[in-house]
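S.K.: I have a structure I would like to understand better, so I am pasting it below and will then ask my questions one at a time.
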Amino acid sequence: MTKNLLLAISIIPLSLLAQKNNFYGGGYEENLLERNSNESSILLNLDETLIDGKPTEKDSLALTPSFDIHANWDNRNIHSYSKDLSRMEGEIDLALVKSNHDYCHPINGIVTSDFGYRSGKHHYGIDLRLKIGDPIFSAFGGIVRISQYSASYGNVMVVRHDNGLETLYAHLSKRHFSSGQRVKSGQKIGLGGNTGRSTGPHLHFECRYLGKPINPNDIIDFENGVLKGKHLSISRETFSYFTKIKKKVYHSIKKGETLYAVSRRYSTPVSKLFKMNGLSQESTLSVGQTVRVR
Ligand SMILES: [Zn+2]
């Protein structure tokens with residue numbers, strides 16, 4: 001992709017932008033949808049500052065999906081938000097799709113690890129078993145925001161969707177799109193793999209809103225590979241697991257119990273137990289002693 005392609009970007013008037021607010025909620029412009037899908041080859045290089053008379057960085061930004069929600073576009077940092085949504089006020093009703101065909105299950109694999117607390121930290125996605133080279137599909141339509149290699153996620157892609165969500169696909173063996181390219185729902189965006197911090201071929205799949213993870217089970221029925229509903233209601237309850245994580249948990253040592261047994265029971269690594277309680281290999285535990293386990 002060259003810089004010149006940028007000049008082909010048409011500018012969406014502000015009046016149309018307002019209609020993007022309600023992308024699937026009625027009153028949207030059909031031709032806006034069409035135009036976007038025709039622009040599949042255009043790379044939104046938002047780091048460039050453009051000269052007079054040409055689309056500006058701001059204009060390019062206005063073309064990004066659900067811009068009214070995100071108001072930013074960062075194609076380098078996977079996670080670029082710091083807002084605490086567990087304190088958000090009210091409720092947001094997100095129209096996920098117009099019809100059920102607008103969702104495509106990323107891959108039909110069995111869930112090998114669920115969203116939630118595990119091994120002393122939170123697992124922000126769902127792991128789906130696959131074979132290396134299996135096609136991975138974009139869940140909804142949108143524009144690829146991140147396509148890069150990361151030490152932990154391996155080959156990772158983040159798609160910002162028109163409906164306001166972002167989905168993340170990690171440990172891929174191949175990425176078929178780069179940042180700024182438009183993808184449709186169901187489009188093959190890459191191949192499954194075992195790259196990064198991964199102990200076997202699988203897809204680590206995340207759903208995020210304003211950078212904050214949502215339990216994918218709130219949105220998707222993983223057993224049948226379909227959406228649970230056309231709408232998603234987002235409130236502080238959606239992100240309440242954050243406050244649950246912070247809650248400290250203690251355990252009272254029983255007779256004959258070792259720190260290794262406690263580690264297994266709470267899925268907290270022994271090294272973490274040492275650190276949280278100021279203990280070392282040499283420390284001895286007494287019956288009734290209280291140790292922090294989370
Ligand atoms: Zn995972």
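Values in this text are rule-based calculations from the coordinates and carry no lab data. What you see is a predicted model, and the numbers here were worked out from it, not measured in a lab. When we count neighbours, we look across all protein chains shown, and the Cβ atoms used for this are built from the backbone with ideal geometry, even at glycine.
S.K.: Order of 61-70, 114-123 by packing, highest average Cβ count within 10 Å first? If you can, show how the numbers build up before the last one.
M.R.: Details: 61-70: 19.5, 114-123: 15.0.
The packing order, highest mean first, is 61-70, 114-123.
S.K.: I would also like to ask the following. Along Cα→Cβ, 7 Å out, is where each label goes; now give me the distance between the ones at ILE132 and LYS83 in nm to one decimal.
M.R.: Reported label-point gap for ILE132 and LYS83 is 4.1 nm.
S.K.: Also, I was wondering about something else. For the residue pair SER283 and ASP218, what label-to-label distance in nm results when each label sits 7 Å from Cα along the Cα-to-beta-carbon direction?
M.R.: In this crude label model, SER283 to ASP218 measures out at 3.5 nm.
S.K.: Another question, then. So what's the range 68-187 giving for Cα Rg divided by 2.2 N^0.38 Å, two decimals?
M.R.: Numbers: Rg = 15.0 Å, N = 120, 2.2 N^0.38 = 13.6 Å.
Scaled against compact globular proteins, the figure is 1.10.
S.K.: Provide the packing ranking of 134-142, 190-198, i.e. peptides ordered by the mean count of other C-beta atoms within 10 Å per residue, highest first.
M.R.: Details: 134-142: 22.6, 190-198: 19.2.
Put in order of decreasing packing, that is 134-142, 190-198.
S.K.: Right, another one. Would you mind putting 165-177, 72-84 in packing order, based on average other-beta-carbon counts within 10 Å, highest first?
M.R.: On the way: 165-177: 22.3, 72-84: 14.5.
Listed from highest to lowest mean packing, they are 165-177, 72-84.
S.K.: Shifting gears a bit: Which entries in the list LYS188/LYS230; LYS83/LYS174; LYS254/LYS275 go over 30 Å, if you measure between the two C-alpha atoms of each? Spell out each step's value before the answer.
M.R.: Numbers: LYS188/LYS230 22 Å; LYS83/LYS174 32 Å; LYS254/LYS275 20 Å.
LYS83/LYS174, as the Cα separations exceed 30 Å there.
S.K.: Still on this structure: With a sphere of radius 15 Å drawn around the Cβ of ASP93, what net charge do the other residues whose Cβ falls strictly inside it have (Lys, Arg +1; Asp, Glu -1)?
M.R.: Values: positive: LYS98, LYS228, LYS230, ARG236; negative: ASP68, GLU89, GLU91, ASP218, GLU237.
Net of charged neighbours comes to -1.
S.K.: Oh, and also: For the range 248-292, what class follows from the C-alpha gyration tensor (a ≥ b ≥ c being the square roots of its eigenvalues): rounded when a/c is under 1.5, otherwise prolate if a/b is larger than b/c, else oblate? Could you put the intermediate results ahead of the total?
M.R.: Details: a/c = 1.32, a/b = 1.12, b/c = 1.18.
Here the range 248-292 falls in the rounded category.
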